[in-house]
Amino acid sequence: VLDQYRGHLRQFIVDDKGVVLIATFGLRGASFPNMVPEKGLPAAITIYETLQMDFGIDCAIGATYGKVFCGAVGGLRRHEYVVLGPPVNLAARLMCSDNNPGILVDDAVRQAASERFDFLS
């Protein structure tokens, strides 16, 4: 799904909280017009529907849009590529929210995709 919508897999974690997938859209060199309504949000919806319908897996998605730091952090021997910033933190909070019916988005996503998608308040 990420490849179909030109997204990038940043991290896939399995731990005591369950499975967490962190995906990004619009990294340097992979940005394009109408990224949120044409790529990011459709990818989130496809992932959600596929997990629900094809596999019967309940999931929660937090989707945000904004500027973040992308790059390597750490030392010469041990480092990793990260995506850090308020939109990343907000996506995690939206994902974990008790009010999440499946996909929660921030105001920036809502504004960027409001012409193509209908949102519940």
Next on the checklist: So, for the chain, what is the accessible surface per residue at a probe of 1.4 Å, expressed in square angstrom?
Outcome noted: 72 Å²
Next on the checklist: Please list, in order along the range 63-78, the HN-Hα scalar couplings obtained from phi with the Karplus expression 6.51 cos²θ - 1.76 cosθ + 1.60 (θ = phi - 60°), rounded to whole Hz, x for Gly and Pro.
Outcome noted: 10, 10, 9, x, 7, 9, 7, 10, x, 7, 10, x, x, 5, 7, 9
Checklist outcome for this item: Computed on Cα atoms, the radius of gyration and Dmax of the chain in angstrom are 14.6, 47
Checklist entry - Relative contact order (percent) for the chain, with alpha-carbon contacts under 8 angstrom and 6 or more residues of separation? => result 22 percent
Checklist outcome for this item: Net charge near THR46 (other residues with Cβ under 14 Å of its Cβ; Lys, Arg +1; Asp, Glu -1) is -2
Next on the checklist: Using helices alone, I'd like the mean residue ellipticity at 222 nm for the chain: each DSSP H run of four-plus residues gives -39500 (n - 2.57), total over residue count, nearest 500.
Outcome noted: -6500 deg cm²/dmol
Checklist entry - When the Cα centres of the range 85-121 and the range 2-18 are compared, how far apart do they sit, in Å? => result 17 Å
Checklist entry - What number, in percent, do you get for the relative contact order of the range 1-62 if the mean sequence gap of Cα pairs under 8 Å and at least 6 apart is divided by its residue count? => result 27 percent
Checklist entry - Can you give the charge dipole size of the range 1-70 about its Cα centre, rounded to the nearest 20 debye, using +1 on the beta carbon of Lys and Arg and -1 on the beta carbon of Asp and Glu? => result 440 debye
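Of the chain, which part is the longest with no chymotrypsin sites (Phe, Trp or Tyr not before Pro) in a loop (DSSP not H, G, I, E, B) and with at most 15 other C-beta atoms within 10 angstrom? Don't jump to the answer; show the numbers that get you there.
Values: sites that count: PHE117, PHE119.
Between exposed loop sites, the widest span is 1-116.
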Item to check | Dipole of the range 26-121 [Lys/Arg +1, Asp/Glu -1 at C-beta], most positive-end residue of ASN99, GLY71, VAL88 | outcome: GLY71
Checklist outcome for this item: For the range 54-121, the dipole about the Cα centre with charges only on Cβ (Lys and Arg +1, Asp and Glu -1), to the nearest 20 debye, works out at 460 debye
Checklist outcome for this item: Expressed as a whole-number percentage, the relative contact order of the range 51-108 with C-alpha contacts under 8 angstrom and at least six residues apart is 42 percent
Checklist entry - Assigning unit charges at the beta carbon (Lys, Arg +1; Asp, Glu -1) and nothing else, what dipole magnitude in debye, to the nearest 20, does the chain show about its Cα centre? => result 620 debye
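The values are calculated or read from the model by the stated rules, or taken from the named source; none is laboratory data. If you're wondering where the values come from, they're calculated on a predicted model, not measured in any experiment. All Cβ positions, even for glycine, are placed from backbone atoms using ideal geometry, and neighbour counts span all protein chains on display. Side chains included, ligands, DNA and RNA excluded: accessible areas come from the protein's heavy atoms. Shrake-Rupley method; radii C 1.70, N 1.55, O 1.52, S 1.80 Å.
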